[in-house]
1. Positive end of the charge dipole of the protein assembly as shown (Lys, Arg +1 and Asp, Glu -1 on Cβ, about the Cα centre): tell me which of C:Val61, C:Val110, A:Tyr26 has its Cα farthest that way.
2. Please report, in whole Å³, the volume per residue of the convex hull around the C-alpha atoms of region C:1-130.
3. So how much slack lies between C:Asn41 and C:Ser196, counting 0.36 nm per residue of separation and subtracting their Cα-Cα distance, in nm?
4. Enumerate the calculated ³J(HN,Hα) couplings along region B:152-164 in order (Karplus 6.51 cos²θ - 1.76 cosθ + 1.60, θ = phi - 60°), each rounded to whole Hz, writing x wherever the residue is Gly or Pro.
5. Fewest Cβ neighbours within 10 Å first, please rank B:Met186, C:Met156 accordingly.
6. The protein assembly as shown: D in µm²/s via Stokes-Einstein (Kirkwood Rh, Cα pairs, 4 °C, 1.567 mPa s)?
7. If I take every Cα pair under 8 Å that is 6 or more residues apart in region B:45-220, average their sequence separation and divide by the length, what percent do I get for the relative contact order?
8. Going by alpha carbons, how many degrees (0 to 90, nearest 10) lie between the helix axis of B:42-69 and the longest principal axis of chain B?
Amino acid sequence: MDSGVPQNAGYLIAAYILVPTILIAYAVSLYRRSRRP
Amino acid sequence: MTIAQKGRWLVIVGLVLLGGVYVRALAFTPVERFQGPAQKIFYVHVPSAVTTELAVILLGLAGVFYLFLKDPRLDRFAESSAEVGTVFAGIVLTTGPIWGKPIWGTWWTWDARLTSTLFLFFLLMGYQVLRGAITDDGLRARYSAVLGSCAVVLVGFIHLSVYLFPTLHPQPIVLKPSKPSLPPEMLLTLLLSFGVFLLLFTGFVMQRYAIATRRAEAFHG
Amino acid sequence: MRELWRQAWTIAHKDLTLEFRSRTAIVSALVFTALVLTVFNFGRDPTAVSTLDLAPSILWVTFTFAAMLALNRAFQLELENQALEGLLISPLDRRSLYWGKLLANLAFVVVVEAVGLPLFVLFFNVAVGHVLLPLLAVIALATVGFVAVGTLFSAMVVRTRFAELLLPVVLFPFLLLPLTYAVQATARLLAGRPLSEVAGWLRLLAAYDIVFVAVASWLFPYTVEE
């Protein structure tokens, strides 16, 4: 990797963790709501 | 398998495949020369935006059909599409700033995609707030259908206005997932990601629809 | 067709008679408009930003709020004494109810704008004389856009709780589009740009109006049917 490329992988990791977190949180929410009588 | 169970499987498969997309994006897709690794947020950001718009269009079309057919299942589908669409809008509006900060230097930009997704988010919010304020099922379904129909016409109008009035300055409320000529590896990753997000959307809507059906059955006995 | 218009006019006439007989609503709206313009004056630093830059925004935010205020009361009249049921039982065509309400709301908002525009010119010292006709066209077209959809939505929210809060939340996304077009057109007009640059925005406004008046009038019966 040449030195001209910006070093911003931190943002990438943050986003890539955030997305499945949101998705899984919603999936769990749906699951729990389907269990309620 | 019930609809809910099928939906759950779709979501699980979708999440696993999302992991696959991640692997492909991180290890097998080139790093963009000028934007660096953060550009790869693109592969989750853009499909989410398209999914959000799809959710709005679907709830609108369901509304139009409901006005003709009066089938409550259409209303339950619309309700589900709205909620799931909001989740994906949330993904766009959070990954957008995370992408924007390293690339543009600011957390928020009024670029076409973020602006239009924010706009769709407001449509979705208004739709759900209206639904929440009406207790009668029939009235809620009818009013939601009216609002949803207007929403889908609005989205269509915005798209058409770009084609019919191209000489005007790019309006801020234009939803056009910008696909600059991408190298084939990037395009493939993006397309795979589209597929995964579509899968997730379908799975979520199915589960949400099942919840709506159960709620309706419990209410009416 | 003629019957439709006659009925619509009757409804509009009834509404406007009620409005102007009590005068509370129109006076409140006019005072509100003047207040909003005043707030804008105190909300800016005249040494930092030129009035001309801000003028289109000030004008249109003011008009948007004025339209919201007007629309909020659109169906309030019918809520009292179950007047809406009375209207529906009558042999009136449902569509004429929409057109009648639309006309009444337009008249109301136009009165407010007719006072608001000169106030705006006065407070912010904006020269509009040389572009008055095109500016009036922009205002007319945008107002129709606001009121067409607003009349439809106010019919719905009036039956819900929190109607006054709900209407802006539901309506604003639909106002954003004509608002954007109006601001773009107004900015160019006030900056002295040639009319050819404004024409495109006027056409967009007209297109929006045609589409949404048609859609709203088609959807309206669904909001009042039993």
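Each value in this text was obtained by applying a stated rule to the coordinates, not by laboratory testing. None of the values given here were measured: they were computed from a predicted structure. Because the Cβ atoms are built from the backbone with ideal geometry, glycine has one as well, and the counts that use them run over all protein chains shown.
1. A:Tyr26
2. Taking the convex hull of the Cα positions in region C:1-130, it is 120 Å³ per residue.
3. This chain segment gains 52.7 nm when fully extended.
4. Whole-Hz 3J(HN,Hα) from phi for region B:152-164: 5, 5, 5, 4, x, 4, 4, 4, 4, 5, 5, 6, 7.
5. Exposure proxy ranking, most exposed first: B:Met186, C:Met156.
6. Value of D from the Cα-based Kirkwood radius: 53 µm²/s.
7. 34 percent
8. Long axis of B:42-69 versus the principal axis of chain B: about 20 degrees.
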